[in-house]
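Below is one structure, written out as C-alpha cells, with a few remarks after it.
The values are calculated or read from the model by the stated rules, or taken from the named source; none is laboratory data. These numbers were taken from a predicted model, which means no experiment stands behind them. Neighbour counts run over all protein chains shown; Cβ positions are idealised from the backbone, glycine included.
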Amino acid sequence: MENCPLIQNLKSGGVKILFESELGVADFHLPNRSCILYVSESDIISGNSYRRRLVCYRNAGSNFHELVLVENTRLSEQYFTAVQKFVVFDLGLTLLPVNGQMEASQLIAQIVHGEGRENPFRRKSVSRLMDPQVLSMVQLVPGVGRVKALACSSISPASISFAMHRLLNWSLLWMLTRYEENL
C-alpha cells in the first residue's frame, strides 16, 4: 500500500502519512475528525464484497465524519448508480466520486490542508438528538431502519408530528392489508 499511486501523490502533495494497522475499517483518518473508506474501480468490478466493508464502516459508529470515496471510471460507470444508491440511500453515508487515485489524493490533500476552513463535505450536526426510546419506537414502523429513523431526528419539531402521523397512518394501512391478505 505504501507504494501505490494514491499514497505517493499524497506525499508529494505535502500530506504527512502515518501507517497504522489498527485503523479499523477506515482507510484514512484525517486530522479534521473525518475518516475515509476508499472503494476502488477493481473493488466495484470484482463483485459485491465492497458492500460488506461499507456496512462494517457504517456500523463502526466512530466519532468521525464518515466519507466514502468511490472511483467512477469508464470501466466502473455501469455499476456506479447501484453503488451510489447503496452508499447514500441505504447506508446514509457521504459519497464523493473520483476519477482515479490521482483525483482522490488531490481531494484528500485539499481536505487536510483546508483544515482551518469549513469542510464543505461535513454534514451539519443536529442540535437535538432523538431520544433513544423514540428512536427505537420509530424503528418499529415497517420499512424504517436505523438510517431513516436517524434522518427523522433532523426534521424540525413542527414537522415531526406531521411525519409521525403519516408514518402511523402508513403503518396502520400496511398492517390492515396484511391482515386482509391472511383472511
- Message: Condition check: in contact with a helix residue (DSSP H, G or I) (Cβ under 9 Å, 6 or more places away or on another chain), assigned to a loop (DSSP other than H, G, I, E, B), at pLDDT below 90 and surrounded by 12 or more Cβ atoms within 10 Å (Cβ to Cβ). Does Asn32 satisfy that?
- Response: yes
Subset of region 81-93, residues aliphatic (A, V, I, L, M) and not in a loop (DSSP other than H, G, I, E, B), comes to Ala82, Val83, Val87, Val88
Residue set Tyr38, Tyr57, Tyr50; condition outside any helix (DSSP H, G or I) and either surrounded by 17 or more Cβ atoms within 10 Å (Cβ to Cβ) or in the same structural domain as Asn9 (by TED's automatic domain parsing) (or both); output residue Tyr38
* Asked: In this structure, does Arg128 turn out to be at pLDDT 85 or above, exposed (fewer than 10 other Cβ atoms within 10 Å of the Cβ) and either in a loop (DSSP other than H, G, I, E, B) or in the same structural domain as His29 (by TED's automatic domain parsing) (or both)?
  -> no
The condition of being outside any helix (DSSP H, G or I) and within 20 Å of Pro31 (Cβ to Cβ) holds, among Leu96, Leu75, Leu107, only for Leu96
Within region 29-52, of all residues that are touching a strand residue (DSSP E or B) at 6+ places or on another chain (Cβ under 7 Å) and among the charged types (D, E, K, R), the one nearest to Val15 (Cα to Cα) is Arg33
